[in-house]
1. Scan (1) at pLDDT 90 or above; (2) out of contact with any Gly (no Cβ under 8 Å at 6 or more places or on another chain) for the single condition A:Ser517 breaks and write down its number.
2. Considering only residues of the range A:624-642 that are within 33 Å of the chain's Cα centre (by Cα) and within 21 Å of A:Ser566 (Cα to Cα), which is modelled with the lowest pLDDT?
3. Name the single residue that is modelled with the highest pLDDT among those in the range A:177-192 being in contact with a Lys or Arg (Cβ under 7 Å, 6 or more places away or on another chain) and under 12 Å from A:Thr112 (Cα atoms).
4. For the range A:528-548, enumerate the residues that are touching a Leu at 6+ places or on another chain (Cβ under 6 Å) and aliphatic (A, V, I, L, M).
5. Can you list the strands (runs of 3 or more DSSP E) lying wholly within the range A:664-723 that have 3 or more residues being touching an Asp or Glu at 6+ places or on another chain (Cβ under 7 Å)?
6. Among the candidates A:Asn333, A:Asn357, A:Asn283, single out the residue that is surrounded by fewer than 21 Cβ atoms within 10 Å (Cβ to Cβ), modelled with pLDDT under 90 and in contact with an Asp or Glu (Cβ under 6 Å, 6 or more places away or on another chain).
7. Would it be correct to say that A:Ser158 is within 28 Å of A:Ala207 (Cβ to Cβ), at pLDDT below 85 and of a type in the set (Ser, Thr, Tyr)?
8. Residue check: is A:Arg718 at the interface with chain B (Cβ under 10 Å from one of its Cβ atoms) and farther than 21 Å from A:Thr534 by Cα?
Amino acid sequence: MNKRYHDILDSAASPYIPDNLNLFPRVAARLIQRKTFMQTLRARPALAILLAFLALLLLTGVAYAIGRLSGYIPGVGFVQTNALRVLAKPVSQTQAGITVSIEEVFVDSERTIIIYKTEGLTIQAANSKGEAGGNPFGSVHLLLLPDGSTLEESTGYSGTPEPLLDNIQTEGGWPNYVARLVYPPVSDQVDKLTLLIPVLRNMPVGAAPENWSLTFQLKPAPADINYAPVIEFTPASEDGAVSPSAAGETGVPALSSTATQNGFTFQLDNVIELEDGYVFTGNLSWDGGVFPTGKGMISEAVIAVLTDANGQIIPVEEVHVDAHMPFSFYENNMPWSYRTNRKAFEGPLTLSVSSINMVSFPPEFDFEIDLGPNPQIGQVWEVNRDFAVEGHVLRLLSVGIINPIDTCSKSALEFKFKGDAANMGAIVTDVNPEPTVDQVCEGGGGGGRPVDPAIIYSAASYRSIPNGLHHFSIGAAIPYVVNGPWQVAWNPPLTSEPTATPAAGVCLTLDKWNQLSAGNDLPPSGLGGKILTTVNEGGLWPGIYVSNLDGTNSRKIDDGTWPSLSTDGTRLAYSIGDGIHVFNLITAENPAMGTDGYRIIWSPDNTRLMYTTTFTLNVVNVDGSGLQKIDTGPAQVISPAGWLPDNQTIVYAVMGGDGFTYTTYNLQSGETKRLFTIQNKAGYGAISPDGQWIVFADRIFGAANWGIFISRLDGSDRRLVAEPEVPTAFASVWGPDGQWLIINTMNPDGLQVPVLVNPFTCQSARLHNVNGFIEGWSP
Amino acid sequence: MDDAQAIRRLKRGDLGGLEILMQRYQVKAARAAFLITHDESVAQDIVQETFIRICQRIQQFDESRPFEPYLIRSVIHAALNAIRGSGKFTSLEDESGEVKNLLDRAASVESQVESAQLQSEILNALSKLSPRQRAVIVQRYYLEMSEQEMASELDAAPGTVKWLLNAARERLRHLLGQKGESNE
């Protein structure tokens with residue numbers, strides 16, 4: 001049997017998303033509700049006028065007092081401050097070592113927000129789903145009112161908004177979690193609620209205590225509740241205007257919170273001041289005139305760039321300011337929000353959109369073809385007829401009868417076009433279509449993308465093989481670009497914090513890496529030793545090789561995984577089916593230790609090994625004796641990083657709610673010391689032989705990839721070694737002298753490109769003649 | 001009725017067109033979202049909100065473009081946003097190789113029992129991936145998109161996608177060693 005991956009994943013998801021899933025009633029109800037409101041407006045013009053007046057007040061800033069009724073609470077979102085109620089006191093419940101705590105509740109006239117967290121859930125329990133017979137994870141959480149009625153979570157994603165709930169963390173990380181639930185508002189007469197949790201998230205049925213019931217009280221929000229300052233802008237407001245002189249210094253026109261050009265308006269609505277940055281919110285709106293033919297759409301996401309007064313790009317990340325309705329979309333309007341991770345800037349700050357990719361839909365045109373009395377599937381009519389559409393030429397190359405594209409059809413007519421520009425589109429409609437089929441048709445609609453972006457396919461389905469004369473209406477889609485720029489600006493307040501200083505020169509930039517990848521430079525003279533590599537050879541286990549640094553004397557040791565060279569380069573520990581082996585590179589002895597694990601690291605004196613089994617961290621003598629299980633606290637995922645030269649202190653990373661935290665542990669005294677936390681959700685790290693430095697991969701704010709850093713063990717003196725644009729792997733390797741690193745990278749063709757970098761001098765070179773992933777480097 | 005006809009019905013305000021589109025694609029979209037979010041309620045919410053958003057903008061929808069990729073792209077992006085915000089993914093961002101490994105195993109087993117177990121392990125393995133890697137796995141192996149299509153959908157260079165996939169495969173060997181522990 002050779003099941004397709006699609007089928008396997010489909011089967012894996014099917015217990016949770018059943019075949020008979022029907023979301024249509026919920027969607028239709030939402031749409032009808034909205035439609036009804038709009039119809040009410042049309043039927044009751046007085047109401048529409050009132051609403052328009054209110055909107056005008058808001059837009060002109062006259063309704064300042066109304067605006068002040070809205071506040072922003074980090075991790076919660078915008079709330080109505082005039083009627084806000086909060087949790088009277090935290091509530092928690094413990095069952096069988098699992099604790100569920102309600103941490104925050106906010107109730108205003110719009111909704112009820114509940115934030116709770118769990119402690120004590122284990123990965124083992126989360127992973128027991130298969131044994132539990134395929135039950136789903138978690139369940140719907142209900143809110144029980146005093147009258148016995150229940151509320152379901154509001155439609156719309158109610159997950160964690162940005163900025164993240166940094167002030168509420170779980171110990172040990174996944175599968176423990178912090179949840180944010182959003183329910184409809186409750187009457188101000190109700191001051192007691194009960195949260196009902198049949199099955200905790202991340203937990204399969206039967207794996208953890210169930211049927212939680214947490215009752216809590218509400219109280220009016222205290223006067224000193226911590227709202228984040230919100231600076232509001234309106235089109236009529238000058239709050240966000242930048243003085244012409246300030247803008248003039250940069251040689252651009254005066255900037256404000258609104259920029260209108262070519263039918264598009266880019267509007268800055270709010271700036272929210274957080275403890276560690278700003279959140280900018282706004283929207284892009286447009287009028288119908290932006291489409292040359294009156295019909296069209298924005299075809300690609302519009303992403304703004306934030307710059308400071310010097311034109312330096314400031315990293316930002318898109319955020320959900322308010323998770324209640326992150327998917328709120330309005331006609332001719334596209335909301336956006338971005339955040340920074342710091343507040344000290346040299347203003348004014350400018351958000352710019354340089355261009356907007358559009359598609360317009362010209363008026364449809366007609367075409368007819370006589371298929372003859374008895375056409376057959378596979379028959380093709382060469383047409384080669386040009387149609388002029390909005391300054392472009394769309395050539396209909398051919399029409400052919402193909403097999404049905406959905407289960408309701410017997411055949412389809414496929415139209416093949418060629419546009420004179422890339423990514424043009426076309427759709428063909430039979431002017432006299434067959435009666436629709438009542439049943440739901442599977443398939444259809446897709447067809448994949450043509451390899452040639454100028455080739456376009458469109459098809460019309462038929463319940464039989466069509467014949468005779470057919471008339472078609474053909475609509476085209478023409479891509480085009482509307483150029484800006486649209487720029488809005490804001491002057492951040494002066495701060496005593498120093499503005500960000502440019503990072504010290506990164507050693508391995510993308511340009512440098514490209515040069516190294518393409519070049520034939522040799523490694524610096526004087527470098528040598530053995531390197532350990534693994535090579536994916538298509539088997540169940542990769543091949544383990546030891547060679548000289550220059551690739552010579554390559555020798556395959558065995559198939560296996562997680563190989564680790566002793567610091568003297570004489571032995572090799574690795575993991576395979578029957579556990580950890582220790583291979584003597586001199587005598588070729590290869591005893592099994594009788595224990596299993598991975599991420600093996602030798603002690604500096606080569607007498608012991610540290611390894612993990614994900615949930616445990618162990619140290620054992622090389623002969624398999626003296627197993628010592630390390631107490632790593634509540635963390636359930638542990639990643640060894642290395643040893644200090646004293647042979648008694650190990651360094652590892654433990655997973656927590658905010659990432660992995662590097663930790664030292666003294667094997668004699670049991671003393672544990674937390675070092676620093678990385679946020680890339682991976683615990684890889686390597687300690688330099690002198691114990692002074694650690695190399696690790698970490699998230700970089702605003703970057704799509706991780707960077708490779710070194711720092712002191714306490715996290716100080718942090719230096720970016722490889723910028724995030726370089727396609728690095730997580731694991732890097734220190735050289736025996738503690739001065740050089742081997743950074744594993746991979747080129748776009750999938751070839752390993754190991755790069756030597758001295759992070760202290762930035763000298764770098766590519767390792768040639770080395771195949772595979774570098775796992776170790778010994779004398 | 002093909003997608004374009006359903007969309008035209010919807011443009012005329014006929015929710016029957018929406019019903020057809022939803023019945024045709026909601027399960028696939030929800031499963032794709034679930035494989036990324038690992039939360040069926042969030043997955044359903046994502047699909048629901050995506051369809052609402054599409055309806056609200058249906059007048060601007062280009063009928064000449066296939067509907068399904070548009071829908072799935074929206075769902076994938078929404079799922080990525082949802083899980084990024086949740087902080088729910090766990091660790092070991094380079095463990096997507098485990099998923100590939102488990103898929104390989106599941107593709108070769110005859111036993112229904114073992115297959116069910118592997119499906120469970122696949123979900124567990126997915127839960128350990130970063131959102132972006134989940135999306136890559138779902139797009140490549142569930143939605144069966146080409147690397148070129150994925151590059152387009154992810155707004156990434158083709159080389160980046162190739163890199164992501166190759167990185168996942170490269171780590172396969174390590175994850176073979178971890179699978180045993182994952183069920184402890």
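1. Of everything listed in (1) at pLDDT 90 or above; (2) out of contact with any Gly (no Cβ under 8 Å at 6 or more places or on another chain), A:Ser517 misses just condition (1).
2. Looking at residues that are within 33 Å of the chain's Cα centre (by Cα) and within 21 Å of A:Ser566 (Cα to Cα), I get A:Ser639.
3. Initially, the range A:177-192 is screened for residues in contact with a Lys or Arg (Cβ under 7 Å, 6 or more places away or on another chain), giving A:177-179, A:182-185.
Remaining after also requiring under 12 Å from A:Thr112 (Cα atoms): A:182-185.
Working: A:Val182: 81, A:Tyr183: 87, A:Pro184: 87, A:Pro185: 90.
Within the range A:177-192, the match that is modelled with the highest pLDDT is A:Pro185.
4. Here is the first cut: in the range A:528-548, the ones touching a Leu at 6+ places or on another chain (Cβ under 6 Å) are A:528-529, A:531-532, A:546.
Of everything in the range A:528-548, those that are touching a Leu at 6+ places or on another chain (Cβ under 6 Å) and aliphatic (A, V, I, L, M) turn out to be A:Ile531, A:Leu532, A:Val546.
5. Details: elements: A:672-678, A:685-687, A:693-699, A:706-712, A:719-722.
In the range A:664-723, the matching strands (runs of 3 or more DSSP E) lie at A:672-678, A:706-712.
6. Working: A:Asn333 fails: in contact with an Asp or Glu (Cβ under 6 Å, 6 or more places away or on another chain); A:Asn283 fails: in contact with an Asp or Glu (Cβ under 6 Å, 6 or more places away or on another chain).
Of the residues listed, the single one that is surrounded by fewer than 21 Cβ atoms within 10 Å (Cβ to Cβ), modelled with pLDDT under 90 and in contact with an Asp or Glu (Cβ under 6 Å, 6 or more places away or on another chain) is A:Asn357.
7. Details: within 28 Å of A:Ala207 (Cβ to Cβ): yes; at pLDDT below 85: yes; of a type in the set (Ser, Thr, Tyr): yes.
So A:Ser158 passes the test.
8. Working: at the interface with chain B (Cβ under 10 Å from one of its Cβ atoms): no; farther than 21 Å from A:Thr534 by Cα: yes.
No: the conditions fail for A:Arg718.
The values are calculated or read from the model by the stated rules, or taken from the named source; none is laboratory data. Here the structure is a predicted model, which means the values were calculated and not measured. With ideal geometry, Cβ positions are generated from the backbone for all residues, glycine too; neighbour counts draw on all protein chains shown.
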